[in-house]
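Worksheet for the structure shown next.
The values are calculated or read from the model by the stated rules, or taken from the named source; none is laboratory data. All figures in this text were calculated on a predicted structure; none of them were measured in a lab. Every residue, glycine among them, receives a Cβ derived from its backbone with ideal geometry; neighbour counts consider all protein chains shown.
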Amino acid sequence: MLKPTFKIATLVVLAILTASCRLRPGKPKTAAGTDVLTPEEIAAGGVYTPEERSDIGIGQPIRDVQFEPVRFRFDSAKVDSPELTKIQTVADYLKRNPSYTLVIEGHCDERGTAAYNMALGERRAQAVRAELIRLGIDAARIQTVSYGEERPASLGHSEEHWRLNRRAEFVVYP
Amino acid sequence: MRRFFVFLGCLCFFAGAVHSQITIAKPAGMSVDLTGFVTPASSEGLLFRRTLEKNLARSGWLHLMAQDASYPITGSFALPATAFVEVRSAGFRRSLTRRDGDVRRLAHETADALVEALTGKKGIARTQIALAGNRTGQWELYLCDADGENLQQITRDRSMALYPFWSPDGSRLVFTSYRNRFPDLYLLHIGSWKLEPLARFNGLNTGGAFSPDGQAVAVSLSFTGNPELYVLRPPLRDGRLFRLTQTPHAAETSPSWSPDGNRIVFVSDSSGAPQLYILDARGGERSPLPLSGTENVSPSWGPDGRIAFVTRRAGVYRIAVYSPENGNVQVLTNDDANYEDPCWAPNGRHLACTRISDNRMTVVLLDTLTQSWVRLLEIQGEWRSPAWSPLLP
């Protein structure tokens, strides 16, 4: 389980703030300007109307650029420090190509149930997204998609395959 | 009558005992004999008889015998679709007709009428099961009768469609599909097959579960950057969301409503491992279910208040049932296979679930009383994530 260190807390606050910017005006005012409703607010009938997904990730991706997938430990969505340079490379590329957009695909190994892995893959993609935002990439340029355990990179049933399957992949769109 | 009480005693024994292994139980309960029931040797007659026999057996309450049965059934089937059944030893007689000429459905109604007359229990012959299958190379949704017949493909998303869930009136399914590249929630109207987007926000949109009154849908969404539980209230299409959880470091998924619609059981990994929690459907504090096991996931709150779920024991995912009134947990599977996605039949006795053995998935129907299971389909391809319909008209 993630230890809520200061750094991660900062990332999460950033992610939440960014997310709340995507909410339409008109949602009820909530504590500290975040998008978090308290149980009292829910009971009082607090309503969200988040915007529907943007059209990032639809159409043909740019195929002549490939980035190293970010690897994860078993059942973890934490970006380990050796993986950070891979994310820095993507951030640099996006800064050089300011019109490009990005989809981060989160994947899991086959262990655990498929429904749980769907959420874990999303958390992996979101962890990488938060890191890119921290590196200065506009949140509106990034979408995430979790494939859970449904699209393994390596078809096998041992750790050598599993470690390749626990990953976040980058797909760039013009 | 005495026989019936002996039978009830057997049931109580089955229900109370914690079995240490799967037993293909001896046919428990009552036997019926159909040799005195007359069907013409036409294709419709054979279809009626085959369907009736299969559904009586799959009810779990009755088994077929060729002689010495407790209940000899007499009567006949006549074209286009009329059945007359009589069980003299039970003082039961009934005539059933389907004006639409649907022989298969007539057999389902006949089976349920017999089950109800002889046992006092609701049958499951008039139900269907929605599930995902990959025989086209992609996961698409399919629909079949609860006896595994009458299979039809109902999505052609050519991407990945998973986790169907029935509306309580049987008119719609909510499911997760990648048809627009990302995992979004859709409503599919049964019969017209009209497709309606329900939730397509940034990130993950999944876990759709109708409330028992059919007015709301509990969902797991990650548009804030992390999967949390929400309830979509009517009108569903406007994306009005009520947020139920707020855990920036954990994911909340797999909601399932209590039969009275007041509470929701769900999975959260906020403790470091996925476990089951319950909260009020109008929001508030969560409370953990008191379960052992390193992982407990995929809850399904049944019509009689029991919660079926998947528990990890000795490295294997097994089906278990939790009874809230006394806190008992009964583990129902004990073989080498992994099980996922249990879903109650409306009779509160049977479960449909995904069974994974030798890395292949199939859907089985598990009888919680006898702890035996049968494959739903004997059709090529892999099958998973079943959803058992309510009783259909």
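So how many residues does segment B:187-203 have that are at positive phi, crowded, with 17+ Cβ neighbours inside 10 Å and out of contact with any Phe, Trp or Tyr (no Cβ under 6 Å at 6 or more places or on another chain)?
So the count comes out to 0.
Looking at A:L102, A:L94, A:L155, A:L84, which one is under 13 Å from the mean Cα position of the chain (by Cα) and not charged (D, E, K, R)?
On inspection, the qualifying residue turns out to be A:L102.
Looking at segment A:144-158, which of its residues are of a type outside the set (G, A, S) and at pLDDT below 95?
Within segment A:144-158, A:L155, A:H157 qualify.
How many of the residues in segment B:162-216 are farther than 24 Å from B:P299 by Cα, among the charged types (D, E, K, R) and more than 14 Å from chain A (Cβ to nearest Cβ)?
1
Determine whether segment B:148-161 contains at least one residue that is buried (at least 24 other Cβ atoms within 10 Å of the Cβ), out of contact with any Lys or Arg (no Cβ under 6 Å at 6 or more places or on another chain) and within 14 Å of chain A (Cβ to nearest Cβ).
Yes, there is a match, as at least one residue in segment B:148-161 is buried (at least 24 other Cβ atoms within 10 Å of the Cβ), out of contact with any Lys or Arg (no Cβ under 6 Å at 6 or more places or on another chain) and within 14 Å of chain A (Cβ to nearest Cβ).
Test A:V145 against the criterion of being of a type outside the set (S, T, Y), farther than 17 Å from A:D80 by Cα, crowded, with 18+ Cβ neighbours inside 10 Å and touching a residue at least 40 places away in the same chain (Cβ under 8 Å), and give yes or no.
On the way: of a type outside the set (S, T, Y): yes; farther than 17 Å from A:D80 by Cα: yes; crowded, with 18+ Cβ neighbours inside 10 Å: yes; touching a residue at least 40 places away in the same chain (Cβ under 8 Å): yes.
Taking the combined requirement at face value, the residue satisfies it.
Give just the number: which of (1) surrounded by fewer than 20 Cβ atoms within 10 Å (Cβ to Cβ); (2) outside any loop (DSSP other than H, G, I, E, B); (3) aliphatic (A, V, I, L, M) does B:L291 not satisfy?
(2)
So, in segment B:129-161, exactly how many residues are out of contact with any Gly (no Cβ under 9 Å at 6 or more places or on another chain) and touching a residue at least 60 places away in the same chain (Cβ under 8 Å)?
Total satisfying the criteria: 8.
If you go through segment B:230-249 one residue at a time, do you hit one that is among the hydrophobic types (A, V, I, L, M, F, W, C), modelled with pLDDT of 95 or more and in a strand (DSSP E or B)?
no
Of everything in segment B:204-230, what is over 23 Å from B:S271 (Cβ atoms) and crowded, with 19+ Cβ neighbours inside 10 Å? Give them in sequence order.
Of everything in segment B:204-230, those that are over 23 Å from B:S271 (Cβ atoms) and crowded, with 19+ Cβ neighbours inside 10 Å turn out to be B:N205, B:G208, B:F210, B:S211, B:A216, B:V217, B:F223.
Among the residues of segment B:27-82, which ones are in contact with a Phe, Trp or Tyr (Cβ under 9 Å, 6 or more places away or on another chain), assigned to a helix (DSSP H, G or I) and not aromatic (F, W, Y)?
B:E44, B:G45, B:R49, B:L52
Can you name every residue in segment A:109-120 that is within 12 Å of chain B (Cβ to nearest Cβ) and over 18 Å from B:F266 (Cα atoms)? First the steps, then the outcome.
Let us first name the residues in segment A:109-120 that are within 12 Å of chain B (Cβ to nearest Cβ), namely A:110-120.
Hits for segment A:109-120 are A:E110, A:R111.
Run down A:Y93, A:Y100, A:Y116 and say which single residue is under 28 Å from B:D358 (Cβ atoms) and hydroxyl-bearing (S, T, Y).
Answer to the check: A:Y116.
Looking at B:T354, is it surrounded by 15 or more Cβ atoms within 10 Å (Cβ to Cβ), farther than 26 Å from B:S268 by Cα and either at pLDDT below 95 or within 14 Å of chain A (Cβ to nearest Cβ) (or both)? Show your work before the answer.
On the way: surrounded by 15 or more Cβ atoms within 10 Å (Cβ to Cβ): yes; farther than 26 Å from B:S268 by Cα: no; either at pLDDT below 95 or within 14 Å of chain A (Cβ to nearest Cβ) (or both): yes.
Against the criterion (surrounded by 15 or more Cβ atoms within 10 Å (Cβ to Cβ), farther than 26 Å from B:S268 by Cα and either at pLDDT below 95 or within 14 Å of chain A (Cβ to nearest Cβ) (or both)), B:T354 does not qualify.
Is it fair to say B:S287 is within 14 Å of chain A (Cβ to nearest Cβ) and more than 17 Å from B:E340 (Cβ to Cβ)?
Judged against the criteria, B:S287 is a match.
Filter segment B:232-251 for residues that are under 27 Å from B:E196 (Cα atoms) and out of contact with any helix residue (DSSP H, G or I) (no Cβ under 8 Å at 6 or more places or on another chain) and give the result.
B:L232, B:R233, B:P234, B:P235, B:L236, B:R237, B:D238, B:G239, B:R240, B:L241, B:T245
Hey, can you tell me all the residues within segment B:243-256 that are surrounded by fewer than 24 Cβ atoms within 10 Å (Cβ to Cβ) and in contact with a Phe, Trp or Tyr (Cβ under 6 Å, 6 or more places away or on another chain)?
B:R243
Out of everything in segment B:376-385 that is away from chain A (no Cβ under 14 Å) and within 19 Å of B:L141 (Cβ to Cβ), what residue ends up being surrounded by the fewest Cβ atoms within 10 Å (Cβ to Cβ)?
Once the filter is applied, the top-ranked residue is B:Q380.
Please work out which residue is farthest from the chain's Cα centre (by Cα), limiting yourself to segment B:91-103 and to residues that are surrounded by fewer than 17 Cβ atoms within 10 Å (Cβ to Cβ) and not in a strand (DSSP E or B).
B:G91
Go through segment A:142-166 and give me each residue that's assigned to a strand (DSSP E or B) and polar (S, T, N, Q).
A:Q143, A:T144, A:S146
What are the residues in segment B:306-337 that are assigned to a strand (DSSP E or B), among the polar types (S, T, N, Q) and surrounded by fewer than 23 Cβ atoms within 10 Å (Cβ to Cβ), if any?
B:S323, B:N328, B:Q330
Restricting attention to segment A:127-136, does a residue exist that is away from every other protein chain (no Cβ under 14 Å) and at pLDDT 95 or above?
Quick first cut of segment A:127-136, residues away from every other protein chain (no Cβ under 14 Å) only: A:135-136.
Remaining after also requiring at pLDDT 95 or above: A:135-136.
Within segment A:127-136, one or more residues are away from every other protein chain (no Cβ under 14 Å) and at pLDDT 95 or above.
Go through B:L392, B:L365, B:L351, B:L369 for me and flag whichever is farther than 24 Å from B:P274 by Cα, in a strand (DSSP E or B) and either of a type in the set (A, V, I, L, M, F, W, C) or not assigned by TED's automatic domain parsing to the domain that holds B:S258 (or both).
The unique qualifying residue is B:L365.
Within segment B:214-226, can you find the residues that are over 18 Å from the mean Cα position of the chain (by Cα) and in a loop (DSSP other than H, G, I, E, B)?
Within segment B:214-226, B:Q215, B:A216, B:S222, B:F223, B:T224, B:G225, B:N226 qualify.
Kindly indicate the residue of segment B:264-274 that is out of contact with any Leu (no Cβ under 7 Å at 6 or more places or on another chain) and touching a residue at least 12 places away in the same chain (Cβ under 8 Å) and also surrounded by the fewest Cβ atoms within 10 Å (Cβ to Cβ) among those meeting that condition. Explain how you work it out, then say what you get.
Going residue by residue through segment B:264-274, those that are out of contact with any Leu (no Cβ under 7 Å at 6 or more places or on another chain) are B:268-274.
If we keep only those that are touching a residue at least 12 places away in the same chain (Cβ under 8 Å) as well, we get B:268-271, B:273-274.
On the way: B:S268: 24, B:D269: 25, B:S270: 17, B:S271: 11, B:A273: 16, B:P274: 27.
Here the answer is B:S271.
Results for (1) at pLDDT 95 or above; (2) under 18 Å from the mean Cα position of the chain (by Cα); (3) of a type in the set (K, R), shown as yes or no for each residue.
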| residue | (1), (2), (3) |
| --- | --- |
| B:L289 | yes, no, no |
| B:G293 | no, no, no |
| B:G305 | yes, yes, no |
| B:V310 | yes, yes, no |
| B:Y322 | yes, yes, no |
